[in-house]
Structure formats: structure tokens, C-alpha cells
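Computed from the coordinates by the stated procedures, all read-outs in this text should not be read as laboratory data. None of these values were measured; they are calculated from a predicted model. Methodologically, a virtual Cβ is constructed for each residue, glycine included, from the backbone with ideal geometry; neighbour enumeration extends over all protein chains shown.
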Ligand code: ATP
């Protein structure tokens, strides 16, 4: 105890709403524990370049409700090289920063693990990504907000779909994972959901649509994850349209709006808890772990585990979409 005096914090990879709440929690918990807090701007690249500033308590005032990240985020090719990581370690030494909190996804944790191995710097991670694709935590910071945003948008699309008896294919974010798509589909009562984890069966999809959608009397919504393997919302919509020229089909891609906006109360509270737990873990001489939440309890997950394993979609929820769309 007491070895750590200066804690650095950075955000890395894709930004997510709630990252600011996590930064605030790290800074204030560090100060509460008698440490100094340092903000590293621009992810690992900013660390290599020494873009580092001390953060006092009031530097993180009035940010808990803001989307994005006050520390900016970036992707760094240089940090992927041993030379880049040596520069990063030198910068930390120059600023006498003796521990680091990384808020990001599994790529960021892979980089963190190498920094620990090569330079013996204590690093802990906080899961910050809208995709929710990290093993070892029920939820990542930003996921709840992103789903809320998608649901709100699909509700609006449903109004216009219903007015014109249209069939909409709505593409939501998720290059490698269908968590946003699946939850959005259930919350909006969609006819079907297409995710990267499950191969799309076009005949099966058409069968479902035929059952639920009548271009003369009803509307329909199909939620498609960005990373769906057969080519995404436009390509599937085109195939369905070729077979059914009588359908009134539209495609809507929600895009980056899902990353922005004020974080939900769930993400703010989760970020506050995980930010505080990250500093507590460092004060307890821990390293190479991600802080997560499982069944409402804060958990410590070794970087090794979260990097190696893939979080699976809940098959019961996938099934629920089918059952509830009959
Ligand atoms: P998201 O889930 O939002 O994509 P992420 O953390 O997985 O977040 P990445 O772009 O994969 O995002 O990684 C962020 C940064 O972490 C990279 O720009 C790079 O600097 C570092 N990084 C990723 N993978 C490695 C690796 N294998 N070795 C060293 N550093 C890495």
C-alpha cells in the first residue's frame, strides 16, 4: 500500500458515452486516496507524444452528463510496436506516473498487457465500448446509451413505416457483435434480427417477413447489425426486393448517432463504480485486470481472460425475437 502516488488515465479505441463519467470517477477517487491524477490526451498516441496534464477535481466538473471523451480518443499504430511502447513507458517515467487506467476495448487491453509485460507498469482497464463485446462483464460503458438511442430512432421509423405500410431494414452499429441489434430488436418489437454471430438464412427471413408483413395492410421492421455477414442492410433489402417487387422497402442506417449523446443513468452509475474500483484495485497493488460488472457485483477479470474469450449472445433472447414476432 502507498506505493502509488500518481495515476494516469486515458481513453482508447472507439469513444462511448459514459467515458467522461469514468474519467471523473478515476480522477476523484485518486485524489480521495491521496494521489495525483493525470489525464493523457489522445489515447496511446498521446501518451507516446507526452500529451499529459495534471487533472484536479474541478477539471472534471460538469462532465458526467456529456458524451464523447474530454481526453479524446485515438488509434495508435506506433503503440503496436515495442519501440512505441518503450517511448510510452519513458513518458510515464518522465511525468513520474506510476500506474495507469485505460478505458477502452479489447485492443486497448492487449496493448496494456504488453506495456505491463515489457515495462512492469501497473495498468488496469475499464470496459468502454458501445458494442458490449467484452468477455467478463455483463455490460460495457456506453452500451445502454447506444441501445436507448437506437430504440428511440427505430420507434420513430416505425411511425412512418406504419403510415405507409413499409418494410424497413434498419442497420445498427456492431461490426463484430450483435448485442446492440438484438436488444434493439426486442425493445422495438422487430419482426427479425440479423447479427454477425448467426449466418443469415434468406429463405427463413423471407418466410418470416411473408407471415408478418402485408404491403397492403401492415408495416415491418428488420434490425440488421452492421457486421451481418451476407452484406448488411442494403444488400439484404435488395435481395428481398428482387423476390417481392410488391413490397415497399426502405433502408435506414443509424450510424454514428449511436455513439454520441448524453449517457444514460445506467452508464453514468456503471462508469462511476468502475472508475472508483479501478483506482481501488491499483491502490491494492493489482494490475493486468479489467474491472467489470456481473450480476450487479463489481468483478476483477484478468486481461488474459477478457482478451482470449468471446462473449456470446444470449440464445434465449435470440429465440425471444422469433417467438414474439409470430
Ligand atoms: P473498440 O472496441 O472501440 O474498437 P478497442 O480498444 O478494441 O476499442 P482498437 O482500435 O482495437 O480499439 O485498439 C485501440 C488501440 O490499442 C490501438 O490503436 C493500439 O494503439 C492499441 N492496440 C490494439 N491492439 C494492439 C496490439 N495487439 N498490440 C499493441 N497495441 C494494441
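For the residues 110, 160, 137, a GNM of the chain with alpha-carbon springs under 10 Å puts the largest fluctuation on 160. Annotation: the residues 149, 81, sorted from fewest to most other C-beta atoms within 10 Å of their own C-beta, follow the order 81, 149. Over the stretch 143-257, Cα pairs under 8 Å with separation of 6+ residues give a relative contact order of 37 percent.
Against the empirical 2.2 N^0.38 Å (N residues), the chain has a Cα radius of gyration ratio of 1.10. Residues considered: 254, 282, 47. Largest GNM mean-square fluctuation over the chain, using C-alpha springs under 10 Å, is found at 254.
Working from label points 7 Å from Cα in the Cα-to-Cβ sense, the residue 201 to residue 309 distance is 2.9 nm. The label point for residue 160 and the one for residue 234, both projected 7 Å from the Cα toward the Cβ, are 1.8 nm apart.
What angle do you read, to the nearest 10 degrees and between 0 and 90, between the alpha-carbon axis of helix 106-119 and the longest principal axis of the chain? The answer is roughly 20 degrees. Cα axis of helix 315-324 to longest principal axis of the chain: angle in degrees, 0 to 90, nearest 10? Orientation of helix 315-324: about 30 degrees from the principal axis.
Summary value for the chain: 23 percent relative contact order, contacts being C-alpha pairs under 8 angstrom separated by 6+ residues.
Taking the centroid of alpha carbons for each part, the stretch 171-228 and the stretch 248-310 are 26 Å apart. Result for the chain in a Gaussian network model with C-alpha springs under 10 Å: among 167, 202, 92, the largest mean-square fluctuation is at 202. The angle between the Cα long axis of helix 143-164 and the longest principal axis of the Cα atoms of the chain comes to about 20 degrees, rounded to the nearest 10.
Packing, taken as the mean count of other beta carbons within 10 Å per residue, orders the peptides 21-27, 262-268, 94-100 from highest to lowest as 21-27, 262-268, 94-100.
Here 226, 199, 78 are placed in order of increasing Cβ neighbour count within 10 Å, fewest first, which gives 199, 78, 226.
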